[in-house]
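The values are calculated or read from the model by the stated rules, or taken from the named source; none is laboratory data. Since this is a predicted model, take the numbers as computed values, not measurements. Because the Cβ atoms are built from the backbone with ideal geometry, glycine has one as well, and the counts that use them run over all protein chains shown.
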Amino acid sequence: MEGSGSVVILAETAESGAPAAISLELLGLGRDLADGLGADLSAVILGSGMGDAARELAARGADEVIQLEHASLSTYNPELYQEAMLGLLKSFTPRVLLAGHTAMGQDLLPRLAFSLSCGLVTDCVGARVEGGQILFVRPVYGGNALATQRVTTATAMATVRARVGEAKAPTATPGEVKVIEASFAAPVRLEPKGRETLEDRECPLEEAPVVVSGGRGMGGEEGFALLRELASLLGGAVGASRPPVDSGWAPSTCQVGITGKVVAPDIYIAVAISGSTQHLSGMSEAGKIVAINKDPDAYIFKVSDYGVVGDWKQVLPAFTAALREAAPEQGGARWA
Ligand SMILES: Cc1cc2nc3c(=O)[nH]c(=O)nc-3n(C[C@H](O)[C@H](O)[C@H](O)COP(=O)(O)OP(=O)(O)OC[C@H]3O[C@@H](n4cnc5c(N)ncnc54)[C@H](O)[C@@H]3O)c2cc1C
C-alpha cells in the first residue's frame, strides 16, 4: 500500500452515518498539513456499510480513503479497532495520524501509539508545519499556558479538539476509495452490548452552534429547566460547569472544561459560572462569550464579549420572553 509519509486522519461517523463534523474539520487541518509537507492526505474509516461516508470524505479533500469494513466494527470496540488499525499500519508508515479528541480518539490513539512506540500529543488546539516539521499546540497547566510540541518518532499521533480545523468545501475531483475487508485473528474478549445515546442526544455539545451553560449559582435542577428552554429557543445545547454535575443537577455529558468536554460554539452563554481556568479551558475558543453573573467582579466577565450583571432568576425569564417575542416561529427545540 502507498501512503508512507502521508498525513492520515481517522474518521468517525455521526449517528446519521455521515462523517462527523470533527472528521471533516480534521480533513481540513490534514489538508493544510499535507500541503505544507508536500504529502498525500488519507482518511481511514472503520465500520460496516461505510460506503457513503467514505465517498463524502473522498469528496472533502482526502486523496485516498481507506474503508476498513467488518460487521464487528459497526460499534466502537477498542480491541477490534486497535487490531484493525494495527493491521493496516503494518502496510505503511504515515507521517502523522490525527484523530478527534473524542471518546474514541482518546481511547484508540494511546493504544495505537503504545503498540507502535509512537509519540502522541493529546488535546491539540493547533497543528502547523514549520521547516518541514509538524508542530502541535496543546494547553498545559490547567489551560493556563500553551505548549508547542514536536514528535520525534517516524509517525506522530495526535488527538485534536473540535473546531481546530476548518472543513473544506466538496471538490470536483474526489479522491479514491479503497475498501479493505478486515479480519481478526484473536477471539474477541470485549463485546459491546449496545450504545447509550440518550444523554448525548440531549447534549450534543461539541456540535451545537450555541451552548447555554449553568454553574453552581443555578442552585439546583430547577434552574437547568430554564437553561434548557433558552437553549432550545436558540437551537443550542445545555452545558454545565463541574459543580452542577457533581451535585447531580446536570448529566456528566454536559460538563464543559478540562475534565469535561471542549466546545467551541458560535455563542457560549455562561450563567452563574465564575470562570475558573478549568472551566475556561473547555470553552475559551467560543466565537462570542456572554456571561450572566450577579457578581460584577466575577472573572468570567474578563473573558466575555458581553456581560449582564444580575441575578439569573430575573435575567433569564426576561431574556427568554424577549427571544420568544422576537422569533415566535423558533419555538421548536433543535436538539430535543
Ligand atoms: C482537577 C480539577 C478538574 C476540574 N475540571 C473542571 C471542569 O472540567 N469543568 C469545570 O467547570 N470545573 C472543573 N473543575 C472545578 C473548578 O476548579 C471550579 O471549581 C468550577 O469550575 C467552578 O464552577 P462554577 O463557576 O459553576 O462555581 P463557582 O466558582 O462557585 O461560581 C458560581 C458563580 O455563580 C454566581 N452566582 C451565584 N448565584 C447567582 C445568581 N442567582 N445569579 C447569577 N449569578 C450567580 C456567583 O457570583 C459565582 O460567580 C475542576 C477542578 C479540579 C481541581
* **Test set (1) modelled with pLDDT of 95 or more; (2) surrounded by fewer than 21 Cβ atoms within 10 Å (Cβ to Cβ) - Ser241 fails condition number** => (2)
* Considering only residues that are surrounded by fewer than 17 Cβ atoms within 10 Å (Cβ to Cβ) and in a helix (DSSP H, G or I), look in segment 304-314 and name the one that is farthest from the ligand (Cβ to nearest atom). => Gln314
* Asked: Cβ-Cβ below 6 Å, separation at least six or inter-chain, first residue in segment 279-297 and more than 17 Å from Val137 (Cα to Cα), second of a type in the set (S, T, N, Q) and surrounded by 22 or more Cβ atoms within 10 Å (Cβ to Cβ): which pairs?
  -> His279/Ser241
* For segment 12-41, name all the residues that are in contact with a Ser or Thr (Cβ under 8 Å, 6 or more places away or on another chain) and either of a type in the set (Lys, Arg) or under 15 Å from Gly175 (Cα atoms) (or both). => Ala34, Ala39, Asp40, Leu41
* Which condition does Gly257 not pass, out of (1) at positive phi; (2) more than 15 Å from the ligand (Cβ to nearest atom), if it passes all the others? -> (2)
* Filter result (free of Cβ contacts under 8 Å to residues at least 40 places away in the same chain and crowded, with 16+ Cβ neighbours inside 10 Å) within segment 112-134 -> Leu116, Cys118, Gly119, Leu120, Val121, Thr122
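The rows are residues; the columns are (1) within 12 Å of the ligand (Cβ to nearest atom); (2) not in a loop (DSSP other than H, G, I, E, B); (3) not assigned by TED's automatic domain parsing to the domain that holds Leu316; (4) not aliphatic (A, V, I, L, M).
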{"site": "Ala225", "(1), (2), (3), (4)": "no, yes, no, no"}
{"site": "Leu230", "(1), (2), (3), (4)": "no, yes, no, no"}
{"site": "Ala264", "(1), (2), (3), (4)": "no, no, no, no"}
{"site": "Tyr268", "(1), (2), (3), (4)": "no, yes, no, yes"}
{"site": "His279", "(1), (2), (3), (4)": "yes, yes, no, yes"}
{"site": "Met283", "(1), (2), (3), (4)": "yes, no, no, no"}
{"site": "Ala291", "(1), (2), (3), (4)": "yes, yes, no, no"}
{"site": "Pro296", "(1), (2), (3), (4)": "yes, no, no, yes"}
{"site": "Ile300", "(1), (2), (3), (4)": "yes, yes, no, no"}
